[in-house]
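Notes follow once the structure below has been shown.
Every number here is computed from the coordinates shown, using simple stated rules; none is lab data. Treat the numbers as computed from the prediction; the structure is a model and nothing was measured. Counting neighbours? That spans all protein chains shown, and the Cβs are built from the backbone with ideal geometry, glycine included.
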Amino acid sequence: MIQSVISDSVDKTRELGALFARNVDAPRVFALRGDLGCGKTEFVRGFVSKLNESEDIVSSPTFMLWNLYEINEITVNHLDLYRLSSIDDVLELGIIDVWETEDNYTFIEWAEKIEEILPKDVVNFFFKHIDENTREIQIETDSDVLIQTLKKFL
């Protein structure tokens, strides 16, 4: 199922991330797609801030490739594949082992680069600029729990 959400601010995008943090069990992989500056990192910031009781510890992993946040026995992996050129580069990072580990959440920006190796139960997010402040976020999932979570947000 694909559900569309309109976010008219950074705060609303963060709220969507926080909603998922309250309602999604680990392990879970989130594939985030969209142009630069369309809200992918803000969504992750909202998710992690909710787990971390509002302390903002998230930064974009563009130059680091992989940021790791450990919060109360939960690990959040935040990857940015923008600079990687092949699946082999990604596999060398050991990503598959990471997303199969219990108590792990994995967020992958530019996930379209590894489409063929993503797990079957990945939650797909498609971020699209509407205007300077507004984004359309399409979420694709087969999870009934996540579909119910989205209905709370709408």
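In this simple spin-label approximation, LYS128 and ASP8 carry label points 7 Å from Cα along the Cα→Cβ vector, and these lie 1.9 nm apart. Computed on the chain, with alpha-carbon pairs under 8 angstrom and 6+ residues apart, the relative contact order is 36 percent. Straight-line reach from LYS113: taking Cα to Cα under 24 Å and skipping same-chain neighbours fewer than 8 places apart, the lysines in range are LYS40, LYS128.
Rank these for me by crowding, ARG135, ARG22, ARG45, going from fewest to most other beta carbons within 10 Å. Provide the component values of the computation, followed by the final result.
Numbers: ARG135 25, ARG22 11, ARG45 22.
Fewest-to-most Cβ neighbours within 10 Å comes out as ARG22, ARG45, ARG135.
Note on the stretch 2-153: dipole from Cβ charges, positive end direction compared against LEU51, ILE114, TYR82; the farthest Cα belongs to LEU51.
With +1 on the Cβ of every Lys and Arg and -1 on the Cβ of every Asp and Glu, and nothing else charged, how large is the dipole of the chain about its Cα centre, in debye rounded to the nearest 20?
Working: 15 positive and 30 negative charges, 103 e Å.
Once rounded to the nearest 20, the dipole reads 500 debye.
Placing a pseudo-label 7 Å from each Cα along the Cα-to-Cβ vector at GLU140 and TYR82 gives an inter-label distance of 2.3 nm.
So which GluC sites (Glu not before Pro) in the stretch 109-154 are both in a DSSP loop and have at most 13 other Cβ atoms within 10 Å of their Cβ? Could the numbers behind the result be given before it?
Values: sites: GLU109, GLU112, GLU115, GLU116, GLU132, GLU136, GLU140; in loops: GLU132.
In loop regions of the stretch 109-154 (DSSP not H, G, I, E or B), the sparsely surrounded GluC sites (Glu not before Pro) are GLU132.
Candidate cross-link partners of LYS151 among the aspartates and glutamates, defined by an alpha-carbon separation under 20 Å and a same-chain spacing of 8 or more, comprise ASP8, ASP11, GLU15, ASP25, ASP121, GLU136, GLU140, ASP142. The Cα atoms of the stretch 2-153 cover 37, 33, 30 Å along the three principal axes, with the biggest extent listed first. Estimated purely from DSSP H runs of n ≥ 4, each contributing -39500 (n - 2.57), the mean residue ellipticity at 222 nm for the chain is -9000 deg cm²/dmol once divided by its residues.
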